[in-house]
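Notes follow the structure.
Only the coordinates and a few stated rules stand behind these numbers; no lab work does. Keep in mind that this is a model prediction, so the values were computed, not measured. Because the Cβ atoms are built from the backbone with ideal geometry, glycine has one as well, and the counts that use them run over all protein chains shown.
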Amino acid sequence: MLYSRISGEPLLPAEVFAADISRSVCITGHRENGVIPYEGSMEAACAGVKRFLCRCIDMAAEAGYEYFFSGLASGTDLWAAEYVIKRRIDGAPVKLVGVVPYLRHADFFTERSKRLLGIIERNADHLLIVNQDPAAVFSRTPGAHTSPSLYRDRNYFMVDHSSAVIAFLNPETRHSGTGQTVSYAQRCGKRIVSFSCADVHRALERAGGDPAEMDLDAVYPENMFEYPF
């Protein structure tokens, strides 16, 4: 059994986990450095991204999705996971499935991200690990414990075990890990509900730059998880 280096929580082998794929959705998106500031404000842009994420999660929950997969990377993954936990605490019938790519994945997180990751790991309904080699590290250089596919394997696992994807994806970054995940989901015929920084910026502009005033009813007049695709 492996245990998280951040929270000390046990990490179950991903292959032993089973859930109803038809009621499962995975979340993918850029890290915080992939967020484009709005008129010079990173704070407003990140707050806007979080509001879009929350709206997408709410729509999925309202459509009957129960299991929410997060890859527990900094930025989008942690923001979304934090909100799923909040929804569950508030009584929504949702469960957070945290999927760690490999044991040392958070070694270079900021202290703030490590604190948030620890809270999320302690409150996740299920905490899984894909690569169970405790010495594994991400590298494109061949070695006994190195691999260039650790994040891809995590991302593909989440897509394979979901019927829908929530994605924060900027079109110009199609070759990023998020772009790779969305492309794979498209090839697998999964439902994809996505948004970009451009969408967030347009909503912020209509709201006078205030994330709290963003009208997401105008952005999503219908539940995109119930809309035919």
query = Which residue fluctuates the most in the chain, going by a Gaussian network model with Cα springs under 10 Å, if the choices are 154, 187, 104?
reply = 187
task = In a Gaussian network model over the chain where Cα atoms closer than 10 Å are linked, find which of 40, 189, 98 has the largest mean-square fluctuation.
result = 40
ask   = Averaged over all directions, how much area does the convex hull of the C-alpha atoms of the stretch 84-133 cover when projected, in nm²?
value = 3.7
query = Among the DSSP beta bridges whose two residues both lie in the chain, what percent are antiparallel, rounded to the nearest 5?
reply = 10
task = Would you look at the GNM of the chain, springs on alpha carbons closer than 10 Å, and say which of 89, 21, 192 moves the most?
result = 89
message = With n ≥ 4 as the cut-off for DSSP H runs, can you work out [θ] at 222 nm for the chain, using -39500 (n - 2.57) per run divided by the number of residues, rounded to the nearest 500?
response = -11500 deg cm²/dmol
message = With θ taken as phi - 60° and the coefficients 6.51, -1.76 and 1.60, list the Karplus ³J(HN,Hα) couplings across the stretch 126-133 in order, rounded to whole Hz; mark glycine and proline as x.
response = 9, 10, 10, 10, 8, 9, 9, 6
task = Find which of 116, 93, 105 sits farthest along the positive direction of the dipole of the chain, computed with +1 on the beta-carbon of Lys and Arg, -1 on that of Asp and Glu, about the Cα centre.
result = 105
ask   = Magnitude of the Cβ-charge dipole of the stretch 1-113, K/R +1 and D/E -1, about the Cα centre, nearest 20 debye?
value = 60
note = In debye to the nearest 20, the charge dipole size for the chain, taken about the Cα centre with +1 at each Lys and Arg Cβ and -1 at each Asp and Glu Cβ, equals 580
query = What percent does the relative contact order of the chain come to when contacts are Cα pairs within less than 8 Å and at least six residues apart?
reply = 25
Reciprocal of mean inverse Cα separation for the chain (Kirkwood radius, Å) = 17.8
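Can you give the local net charge around residue 176? Use residues other than it whose beta-carbon is closer than 13 angstrom to its beta-carbon, Lys and Arg +1, Asp and Glu -1.
+2
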key: Rg/Rh for the stretch 99-229, where both radii come from Cα atoms and Rh is the Kirkwood radius   = 1.02
query = Put +1 on the Cβ of every Lys and Arg and -1 on every Asp and Glu Cβ in the stretch 164-229; which of 218, 208, 175 then has its Cα farthest towards the positive end of the dipole?
reply = 175
